[in-house]
1. What are the pairs, 6+ residues apart or on separate chains, where a residue within segment 449-463 that is more than 25 Å from residue 52 (Cα to Cα) has its Cβ under 8 Å from a residue that is modelled with pLDDT of 70 or more and surrounded by fewer than 23 Cβ atoms within 10 Å (Cβ to Cβ)?
2. Tell me yes or no: at least one residue of segment 482-489 is within 20 Å of the chain's Cα centre (by Cα), under 19 Å from residue 313 (Cα atoms), buried (at least 22 other Cβ atoms within 10 Å of the Cβ) and outside the structural domain of residue 233 (by TED's automatic domain parsing).
3. On the basis of being modelled with pLDDT under 85 and either closer than 22 Å to residue 301 by Cβ or part of a helix (DSSP H, G or I) (or both), does residue 403 make the cut?
4. Only one of (1) buried (at least 19 other Cβ atoms within 10 Å of the Cβ); (2) over 23 Å from the mean Cα position of the chain (by Cα); (3) not assigned by TED's automatic domain parsing to the domain that holds residue 167 is not met by residue 97, so which one is it?
5. Given the conditions (1) touching a strand residue (DSSP E or B) at 6+ places or on another chain (Cβ under 9 Å); (2) in a loop (DSSP other than H, G, I, E, B); (3) surrounded by fewer than 19 Cβ atoms within 10 Å (Cβ to Cβ), and given that residue 314 satisfies all but one, which numbered condition is not satisfied?
6. Taking the conditions exactly as written (at pLDDT 80 or above, more than 17 Å from the chain's Cα centre (by Cα), over 13 Å from residue 436 (Cα atoms) and surrounded by 14 or more Cβ atoms within 10 Å (Cβ to Cβ)), does residue 374 satisfy them or not?
7. How many of the residues making up segment 171-229 are modelled with pLDDT under 90, crowded, with 23+ Cβ neighbours inside 10 Å and more than 20 Å from residue 147 (Cα to Cα)?
8. Can you pull out every residue in segment 490-520 that is surrounded by fewer than 15 Cβ atoms within 10 Å (Cβ to Cβ), under 26 Å from the mean Cα position of the chain (by Cα) and under 20 Å from residue 294 (Cβ atoms)?
């Protein structure tokens with residue numbers, strides 16, 4: 001049995017007990033029409049950080065859910081600390097010492113930060129009642145260790161995704177887990193929060209905790225991971241040390257293509273900048289909302305991609321929501337093709353041709369219990385009906401066209417959207433709004449939490465849409481994505497426009513504006 005105090009060395013190999021702490025042997029998981037895992041073997045050693053990578057739909061999420069008791073295997077077995085394990089639920093796995101931090105924060109948004117952090121472990125007084133003062137004091141102290149200084153009495157859902165993710169991380173680690181599974185843990189974090197996370201990971205590794213690390217950000221994998229397992233189409237196609245494995249070779253393993261093909265395609269790049277002309281399709285002028293926006297203005301022409309840069313909390317998402325009618329304004333106006341759009345009304349914005357792909361696809365976008373077909377058709381139903389009667393044949397035609405165009409991987413149009421990988425859920429949301437034939441497309445972190453292959457497909461689609469004359473606003477925390485994909489970048493800071501970059505768009509230039517150096 002692995003001990004709690006067994007240290008891991010820098011390479012994650014010394015001082016371990018023999019044998020993996022967690023493994024899957026020849027794991028098979030079948031869903032109707034789809035074999036999600038096809039004889040996958042995976043092993044995790046004490047004190048190592050093991051990267052789990054693959055395209056969306058490769059089987060990563062399914063494997064995690066098998067290891068943590070969400071799904072039962074149809075073949076093979078899971079072993080934990082040398083013994084066969086059959087967890088009946090994630091709670092059983094957690095009690096055994098396996099903590100999971102999901103990309104989509106799965107805490108209770110209505111509860112306070114303190115309750116979420118210490119749920120099930122609340123300090124209690126002599127009569128067994130919760131000592132709320134002690135709970136708040138302890139929660140505040142714990143979060144300060146992670147660089148988070150917030151009022152722990154506030155509802156968790158009232159805070160940004162980055163803070164929510166750090167609370168989820170702190171909760172998992174406070175449980176003193178032997179295994180921590182991290183699914184895209186940095187997708188919502190600021191750079192300083194990422195550094196805090198990496199320091200925490202180093203500490204966990206040093207005390208012998210085993211970590212499964214799922215991320216599409218290759219630079220993170222090479223920085224902190226010891227080994228990597230690559231999944232493709234439900235099979236494990238490679239396991240080995242990450243050091244010495246060329247990045248192009250890793251991508252080629254994920255995609256099942258030769259290195260020469262990957263190099264030629266330039267998978268992490270946009271196709272290039274676009275020629276845009278004519279009067280702006282979209283004008284946002286003087287958008288103001290107390291404590292959120294301070295006179296934000298921007299314009300987007302047909303066929304133009306305007307990037308919105310800035311740190312989390314700078315007003316990027318709030319600007320997009322204001323334009324889309326999802327955030328009521330104190331001042332300012334939005335117009336499309338010269339016609340004013342009533343503020344604070346999502347239906348009015350949609351009618352004018354403005355659609356928004358939200359940052360949090362789980363909470364604000366996808367309807368997981370509805371089918372792929374119903375999710376795509378949801379917004380367009382009024383247009384696909386006559387006298388209130390929906391044309392099922394027309395719905396099928398539209399859905400089939402977008403499933404094909406966006407290469408959505410699903411068992412069929414009637415598969416629940418919640419069963420799809422993150423990248424495919426993102427494509428379903430894109431299909432929903434493209435079915436509305438919009439004039440303006442607002443994209444809030446469209447490639448957040450999706451793998452390199454799906455990211456390339458989404459980026460190529462954005463290029464294609466701009467090439468067809470659509471006006472696009474692109475919000476991204478990935479500076480490279482903004483540089484490569486934008487014709488102009490408007491940088492926000494503390495709810496106001498801090499500067500704008502045109503032909504000289506560089507990462508250094510964006511960071512200089514964010515830091516207050518000014519530009520343009």
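1. So the pair list comes out as 461/406.
2. Within segment 482-489, one or more residues are within 20 Å of the chain's Cα centre (by Cα), under 19 Å from residue 313 (Cα atoms), buried (at least 22 other Cβ atoms within 10 Å of the Cβ) and outside the structural domain of residue 233 (by TED's automatic domain parsing).
3. On the way: modelled with pLDDT under 85: no; either closer than 22 Å to residue 301 by Cβ or part of a helix (DSSP H, G or I) (or both): yes.
Taking the combined requirement at face value, the residue does not satisfy it.
4. Single failed check for residue 97: (3).
5. Unmet condition: (3).
6. Numbers: at pLDDT 80 or above: yes; more than 17 Å from the chain's Cα centre (by Cα): yes; over 13 Å from residue 436 (Cα atoms): yes; surrounded by 14 or more Cβ atoms within 10 Å (Cβ to Cβ): yes.
Spelling it out, residue 374 is indeed at pLDDT 80 or above, more than 17 Å from the chain's Cα centre (by Cα), over 13 Å from residue 436 (Cα atoms) and surrounded by 14 or more Cβ atoms within 10 Å (Cβ to Cβ).
7. Matching residues across segment 171-229 total 1.
8. 494, 515
The values are calculated or read from the model by the stated rules, or taken from the named source; none is laboratory data. Computed from a predicted structure; not experimentally measured. FYI the Cβ positions are ideal-geometry reconstructions off the backbone, even for glycines, and counts take in every protein chain you see.
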